[in-house]
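Shown next, in structure tokens, is the structure this report addresses.
The values are calculated or read from the model by the stated rules, or taken from the named source; none is laboratory data. Here the structure is a predicted model, which means the values were calculated and not measured. Methodologically, a virtual Cβ is constructed for each residue, glycine included, from the backbone with ideal geometry; neighbour enumeration extends over all protein chains shown. Only protein heavy atoms, including side chains, enter the accessible area calculation; ligands, DNA and RNA are left aside. Shrake-Rupley method; radii C 1.70, N 1.55, O 1.52, S 1.80 Å.
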Amino acid sequence: MKKFAKWLLLVVTIVVTLGVTGNMNTKADSNTPATDQYLSKVKAKGELVVGTSPDFPPYEFTKNINGKSKVVGMDMEISKKVAHDMGVKLVIRRMDFDSLLVALQTGKVDMVIAGMSKTPKRAKSVDFSNVYYKAGEDLVIKKSDLKTIKSYKSLAGKAIGAQTGSIQYNLVKNQATKSTLKGMDKDTDLILALQTNKIDAIALDQPTAEAYAKNTDGLVAINAHFKDEGEQGSAIAFPKGAQSLVNSANKSIAEIKAKNLIHKQYLPNAGKYLATGKSKSAKAANSMWAYKDFFVAGVGYTLMISAVSVVIGFLLGTLLALMRLSKNKIANGISVSYIEFVRGTPLMVQILFIYFGLGLVVNIPALLSGIIAVSLNSGAYVAEVIRSGISSIAVGQTEASRSLGLSRSMTMRFIILPQAMKNIWPALGNEFVSLIKESSIVSIIGVKDLIYQSRIVQADTYRGVMPLLITMILYFIMTFGLSRLMKFFEGRMTHE
Amino acid sequence: MNNETATPVLEVKHLKKVFGKNEVLKDINEQVSNGQVICLIGPSGAGKSTFLRCLNMLDQPTSGEVLFEGQDLTKLDDKQLDKTRENMGMVFQSFNLFPHKTVIENIKLAPVKVKGEDDATATATAEKLLKQVGLENKADAFPASLSGGQQQRVAIARALAMNPKVMLFDEPTSALDPEMVGEVLKVMQDLASEGMTMVVVTHEMGFARNVADKVWFMADGYIQESAEPKTFFEHPETDRAKDFLAKILEA
């Protein structure tokens, strides 16, 4: 997960180097009159696109409402109010907490609300609204540890988990220096880690900690007793320079504060969704069967991404292999560089780069970005497989074909490729099986594939292992099915 | 058939071929008339196969000219070469049948794809050729199930399907078990007696003596002797040829 943060940093660096955030030094304050176009643009399209990471109850979390996973919570109520006050529709985009600010900077979302604390560091890359809520920090621990753990100081030599990129992560890092810090992307993973004794405590925002403790058997929340490092509380993030949006949001926040809506209305509402967590009817709703539609949709997306990528990857791979084998030095050079570069960089970075990096030039939706990245990646690997297949065909085959008057391309098409295909079929099958599995990485940019859906089910049901088990079985069925299919065609290609 | 004055189908002038530092063909000047059967013999490594492959440009000559019906092949581009190769059949030592296609598909492929013949015509021609080489019952077999002799006969039929003006044979019986050599030579002999122009690289001295109109003896990158078989085998002129024939008779 630390690696992920590094890669993200790389993407952000590229984004910054590309000079998008040119107006980075513009100081924002709430009284500045707005001269920018952000608000009028939002009004023109009629919707406010909000990015959030819905694993943070009661701020934002998902709930299975009539078979559909909805993002609910205090922050969503605030977003509704902000959007309503602007006179536009609210559209919610879910993504990893780490990706939120990048998404904001690259224009994928108009605002980010995720129980996100306003810090000077973050304020360098985005503009914040006024603080709408401030709460202390808690530790979630097991009930059995209640006697021994009193604050973060009791955890010397033990492991504390926190969400990567969160305020609590930095507090643990700076203050609990005698403890080991384990960062993870998802709070649900942290809870699972605590339950399975991978870590001894989780540092969380107080309301979130209480929500998890209330809804998970055997867990309690206690005050972490961190020293105040000057946190200002949670605020809404906007792109740098979007003063018009900041002003509009501040007006809404002022009204919320004046009417005390958070404590009177928003938190109790969020609690209602959460309170059902342990009741019998909730258990029935949390059975995996109730979430079958999620898994079906996930399998659908995964199969769709894989199928399209296999086809494009195969065509691209064939083209690259032919270029690599051609005598044309330019074609050869392009092909070699492409293959080496793509094979030498992680698929995860490629996906992030296409979605966020390329997204600066043209706005590519997440699903399409995922398909493009997986296809381009697969093409490089397939190219090497096909090249080895072509090289494995004896030169006599080409000579015989050419001596009959077949042209170079006819020889390739009718003589070499069909034979090469038969030789590389098992290797190609391997490649396609790993493509299905690797496509799971697209979930980091919010593509609703199987992994993404299983995350939602985990978050919704507060059950960590069962969704994973089901996901694993579903992946196995897909890959096993594919390898049987490949075997079937391999049999049909045998000539005796 | 034995007509020295007819227009040469093939002619090479000052043909030279260098591989790296190795001068394989030094200066070859010969011609092949219509209907002639030439047997190219000589010690291993003399450049016989290279010479044959220069005739249809599978190997690009380093310098010199290769004239097919008066046209210099070394000056043609890829497309024109493909067109010319249709008229020059070639049979290889290792058969080189297409293993993923049946016997009849092997034979029909070029007529259909290159000449654009319709399937029925190509099938009829292929069946006739298979009968000619004695394999009419193997039409739907895959090459892997055939013996070496059968594969080579299919390869000959495949080359003939394009109705070539010249047939080039590159040691067609060298990879065969001894008992299968005869069946292939028989097909070639029939072909010769039908008037096909042929250039044959071979170690089968019996075939050279009985079938060839002319024997070319090649050694050290040159054609040392060009003579009628009777003359060559009974009265070789050069020491190189005498030496070669003596070694063969010893064996």
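Here are a few things to note about the model shown:
- A:Ile473 contributes an accessible area of around 90 Å² to the protein surface, as traced by a 1.4 Å probe with all chains present.
- Subset of A:Lys81/A:Lys178; A:Lys327/B:Lys113; A:Lys153/A:Lys272 violating a 32 Å alpha-carbon distance limit: A:Lys81/A:Lys178; A:Lys153/A:Lys272
- Karplus (6.51, -1.76, 1.60) ³J(HN,Hα), θ = phi - 60°, over region B:72-80, in Hz, Gly and Pro reported as x: 7, 5, 5, 9, 8, 8, 3, 5, 5
- Long pairs among B:Lys186/B:Lys214; A:Lys89/A:Lys118; A:Lys150/A:Lys214; A:Lys80/A:Lys251, criterion Cα-Cα beyond 22 Å: A:Lys89/A:Lys118
- Per-residue mean of foreign Cβ neighbours for A:296-302 is 0 (Cβ atoms of other chains, 10 Å radius).
- Debye intensity ratio I(q)/I(0), log10, region A:438-487, q values 0.25, 0.26, 0.29, 0.32 Å⁻¹ (C-alpha model): -0.93, -0.97, -1.06, -1.13
- Percent carbon-and-sulfur accessible area, region B:97-163, ignoring ligands, DNA and RNA, probe 1.4 Å: 45 percent
- Kyte-Doolittle mean at least 1.6 and Cα axial length at least 27 Å: DSSP H helices in chain A: A:292-325
- Accessible surface of chain A, 1.4 Å probe, proportion on carbon and sulfur as whole %: 61 percent
- Summed over qualifying helices (DSSP H, 4 residues or more, each -39500 (n - 2.57)) and divided by its residue number, chain A shows a 222 nm mean residue ellipticity of -17000 deg cm²/dmol.
- Measuring spread by the Cα atoms of region A:79-167 yields a radius of gyration and Dmax of 17.5, 53 Å.
- Accessible area in square angstrom per residue, the protein assembly as shown, 1.4 angstrom probe: 45 Å²
- For the chain pair A and B, the buried solvent-accessible surface (1.4 Å probe, both sides summed) amounts to about 2000 Å².
- Between helix B:239-250 and chain B there is an angle of about 60 degrees, using the helix long axis and the longest principal axis of the Cα atoms.
- The spacing between region A:139-186 and region A:103-128, judged by their C-alpha centroids, is 25 Å.
- For chain B, the percent of C-alpha pairs falling in each 5 Å distance bin, counted from 0 to the bin holding the largest distance, reads 1, 6, 13, 17, 19, 17, 13, 8, 4, 1, 0, 0.
- Over region A:137-223: Kirkwood hydrodynamic radius from C-alpha pairwise inverse distances, Å: 12.3 Å
- Where trypsin sites (Lys or Arg not before Pro) fall in DSSP loop in region A:61-155, at most 11 other Cβ within 10 Å: A:Lys124, A:Lys147
- Average beta-carbon neighbours from other chains, 10 Å sphere, peptide B:108-121: 2
- Rounded to the nearest 10 Å², the accessible area of A:Met348 at probe 1.4 Å: 40 Å²
- Computed magnitude of the charge dipole of the protein assembly as shown (debye, nearest 20; Cβ of K, R +1, Cβ of D, E -1): 4880 debye
- Cα-based shape type of region B:1-82, given that a ≥ b ≥ c are square roots of the gyration tensor eigenvalues and the cut on a/c is 1.5: oblate
- One way to sum up the overall shape of chain A is the equivalent ellipsoid from its Cα gyration tensor, whose semi-axes run 48, 28, 21 Å, largest first.
- Helix-derived mean residue ellipticity, 222 nm - over chain B, DSSP H n ≥ 4, -39500 (n - 2.57), to 500: -11500 deg cm²/dmol
- Taking all Cα pairs closer than 8 Å and separated by 6 or more residues, the relative contact order of chain B comes to 25 percent.
- Farthest positive-ward along the protein assembly as shown dipole, Cα basis, beta-carbon charges - from A:Ser287, A:Gly370, B:Gln60: A:Ser287
- Residues of region A:476-496 that bury at least 20 Å² of accessible area once all protein chains are present, compared with their chain alone (1.4 Å probe, heavy atoms only, ligands and nucleic acids left out), are A:His495, A:Glu496.
- For region A:365-403, heavy-atom accessible area (probe 1.4 Å) falls by no less than 20 Å² from the chain alone to the full protein assembly at A:Gly396, A:Gln397, A:Glu399, A:Ala400, A:Arg402, A:Ser403.
- With contacts taken as Cα pairs under 8 Å at a separation of at least 6 residues, region B:97-163 carries a relative contact order of 48 percent.
- For region A:290-495, the relative contact order works out to 30 percent when only alpha carbon pairs closer than 8 Å and six or more residues apart are counted.
- Size estimate for region A:290-495 follows the Kirkwood approach: the inverse of mean 1/r over distinct Cα pairs works out to 18.7 Å.
- Quotient of Cα Rg and 2.2 N^0.38 Å for region A:305-399, N being how many residues it contains: 1.21
- Across all C-alpha atoms in region B:97-163, the radius of gyration and Dmax reach 10.6, 31 Å.
- Number of partner chain Cβ atoms within 10 Å, mean per residue of B:92-99: 5
- When each of the peptides A:215-222, B:209-216 is scored by how many other beta carbons lie within 10 Å of its residues on average, the order from highest to lowest is B:209-216, A:215-222.
- Between the residues A:Ser443, A:Ala34, B:Leu40, the greatest Cα displacement towards the positive end of the dipole of the protein assembly as shown, with unit charges on the Cβ of Lys, Arg, Asp and Glu, is found for A:Ala34.
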